[in-house]
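Asks: Sharing a structure here in structure tokens format.
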Amino acid sequence: ELPDGVTRPTVAQFKQLVVSALRELHGEVGAALPVDVLTYEEKTLSAILRVISSGFVKLWSALTLLGFYQNRRCAFRVLQTSPFLLALAGNSRELVLD
């Protein structure tokens, strides 16, 4: 989430933001964590990230504690997590059974 009027990051800038968040909290070891941006929607500022299971807590904590982008307040909201990519395709809470 970004305040109005802030330039929305491109996918490359978004990835750099994630890496810098990891570096800020966990140092160079955190920045070396392999994180992939599978999808990124610039209009909605939503993304699907892939990380190895052993790096999940480091990534989540780094994103949660990041508070600024281009000297303006920002916040990450984790909407869903899963060890399986297919599970992110749908939301079981919105499932309608006939």
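Asks: Scattering from the C-alpha atoms of the stretch 11-89 alone, worked out with Debye: what is log10 I(q)/I(0) at q = 0.12 1/Å?
Replies: These q points yield log10 I(q)/I(0) values of -0.32.
Asks: Could you give the length gained by full extension between Lys43 and Leu86, i.e. 0.36 nm per residue of separation minus their alpha carbon distance, to one decimal place?
Replies: Values: separation 43, 0.36 × 43 = 15.48 nm, distance 2.34 nm.
Here the segment from Lys43 to Leu86 would lengthen by 13.1 nm.
Asks: Same structure again: Any idea what angle helix 11-31 forms with the longest principal axis of the chain, computed on alpha-carbon atoms, 0 to 90 degrees, nearest 10?
Replies: 70 degrees
Asks: On to the next question. Would you mind counting up the charge near Lys43? Only other residues with Cβ under 15 Å from its Cβ, with Lys and Arg at +1 and Asp and Glu at -1.
Replies: On the way: positive: Arg8; negative: Glu1, Asp4, Glu41, Glu42.
For residues surrounding Lys43, the net value is -3.
Asks: Continuing with this model, one more query. Taking amide hydrogens as modeled 1.01 Å from N in the peptide plane, which residues meet the under 5 Å criterion relative to Cys74, leaving out close sequence neighbours?
Replies: Phe68, Tyr69
Asks: Oh, and also: What number, rounded to the nearest 500 deg cm²/dmol, is the helix-based mean residue ellipticity at 222 nm of the chain, given -39500 (n - 2.57) per DSSP H run of at least four residues and division by all its residues?
Replies: Helix-only estimate at 222 nm: -10500 deg cm²/dmol.
Asks: Positive end of the dipole of the stretch 11-89, charges at C-beta (+1 Lys, Arg; -1 Asp, Glu), about the Cα centre: which of Ser53, Gly67, Gln13 has its Cα farthest in that direction?
Replies: Gly67
Asks: In degrees, nearest 10, range 0 to 90: what is the angle between the Cα axis of helix 56-65 and the longest Cα principal axis of the chain?
Replies: On a 0 to 90 degree scale, this one is about 60.
Asks: Pick from Val19, Val57, Val35 the residue whose mean-square fluctuation is largest in a GNM of the chain, springs joining Cα atoms under 10 Å.
Replies: Val57
Every read-out reported here was derived from the displayed coordinates using simple, explicitly stated rules and does not represent laboratory data. As the structure is a prediction and not an experimental result, all values here were calculated from the model. As a convention, Cβ positions derive from the backbone with ideal geometry for all residues, glycine included, and neighbour counts pool all protein chains shown.
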